[in-house]
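Shown next, in C-alpha cells, is the structure this report addresses.
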Amino acid sequence: MKDDRIFKELLDKYMDGALRDPSVQRDKEEFIRDHFAPVPPSIANIASVSVPALALIALFFLVWQFFPTAQPIIKEEPAFERTTAALEQMAEESVVVQEKIEEKPEIEVDYPPVYVKRASSRTGNVMVYQKTMDQTPVTIIWVFPGGH
Amino acid sequence: MQKKSDQELISRSKRGDKEAFGEIVNRYYEKVYGVCYGVVNEREAARDCAQDTFLKAYRMISKFEGRSKITTWLHRIGVNTSIDYLRRKHPQIPVDTIGLSEDEDAEVKSWRLEDFSPGPRDLAHISELKSLIEKALQELTPEHRAVLLLREWQGLSYEEIAESLGVEMGTVMSRIFYARKKLGEVLSPSLEKGKL
C-alpha cells in the first residue's frame, strides 16, 4: 500500500511535468482558435447589411444636395410673392444704411466672382429677395453690417 | 460572467454552436491530453490524439446522450484514439493480446513504448524521476497505461474506468493490479536504494 501511494505521487509528478510544458497551452489555444472560434462575419454578410445602409446614406446626401435648389420652386415661391410689399419696404429702409457705408474709406479689393446658391437668415441684418424662378432665376441678397 | 454548465454547452454544441464546444475543449483539453500522453508517451502524438479526440467528439456530439459525464465520454474516445494510433504505428501487432499474460513474449514487448528520444526542448525536463517512470510505463501495454492513468492520475472509480473504456469492471481491476505490480518491479529497486 505504501508503494502504491508512492507510485501515485510519482505518476502525478510525471504527468504534471508533462502538462506544464508551454507547448500544451499553445497547442490548445491554437486548436480552439482554428476549429472552434466564433465565426467572423463574412464579406457577404457585411455586404448584405452595409450595402442598404450605404444606399440610404447616399440617397440622403443626394436629397440634401438638391433640396436647396428645389426648395424655391416647390415651397418658397408662393411665399415670396405674398411678401413682396414687405420686402420692398425693407429695401427702402436699407438705403439709409448703405449711405453710411459709403462714408468709409474705399479699399480697392479685387473680389472674385461670387455665386450664391442659398442664403437665409432668421434674425440679423440680412435680407433676401428672389424673383420667381420662371421669370428671372436671380437671388439678391442685402447685407447690412450694423444696420437694421 | 456566470460559468456555463457542461450540459448547457453540450446542448448548444448539438445545435451546431462551435463556440460552445470550444468552451468544452478549453475545460478538458489538459485531461484528455494527459491521458493520450500517458498512453502514447510522445508529445506530438499526444497532441494529435487529443485534438483528434475533440474533433471526433464534436462530430459525434449528437449521439452523446448525457447518461455519463462528458469527461467519461472524452476519456473513452481519447484512449481509443491513442491505442489506434499505436496500432497504426505497429500494424504487425494483433489487436488485443492484453490478456495479460505476464510472459514477456516478443509481441507484447513490441507493443511497448519506444525508447524515449528527447528533442532539445525535452532535454531540460529530463530527470531521474521521469526516466524511471517512463521505464516503468514502458513495461505496460497501452491498455494498462490507460487504466493506470485514469485510476491513479485522474482518480476515477473502477466503475467510471469501466464505463470510459467500455470493458468489464473485473477487467479494470485485473489491469490495475497488473499495472501496479509491473510498476513495483521497476520502481522498487530505486525506492529501496532511496533514490526517490
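A few remarks follow.
- Peptide B:17-30 has a mean of 4 when you count, residue by residue, the C-beta atoms of other protein chains within 10 Å of its C-beta.
- Note, ³J(HN,Hα) from phi for segment B:59-69, Karplus 6.51, -1.76, 1.60, rounded to Hz, x at Gly and Pro: 5, 9, 4, 5, 8, 6, 8, x, 6, 10, 6
- Residue B:158 paired with residue A:56, simple spin-label distance in nm, labels 7 Å along Cα-to-beta-carbon: 6.9
- Full-extension gain in nm, residue B:177 to residue B:3, via 0.36 nm per residue minus C-alpha separation: 58.8 nm
- For a paramagnetic label modelled on residue A:19 (point 7 Å from Cα along Cα→Cβ), amide N atoms under 15 Å away belong, within segment B:128-171, to B:149-156.
- Label sites at residue A:141 and residue B:18, each approximated as a point 7 angstrom past Cα along Cα to Cβ, lie 5.9 nm apart.
The numbers here are math on the coordinates, done by the rules we state, and not lab data. Remember, predicted model here, so these are calculated numbers, not experimental data. Here Cβ is always computed from backbone atoms with ideal geometry, including for glycine, and neighbour counts include all displayed protein chains.
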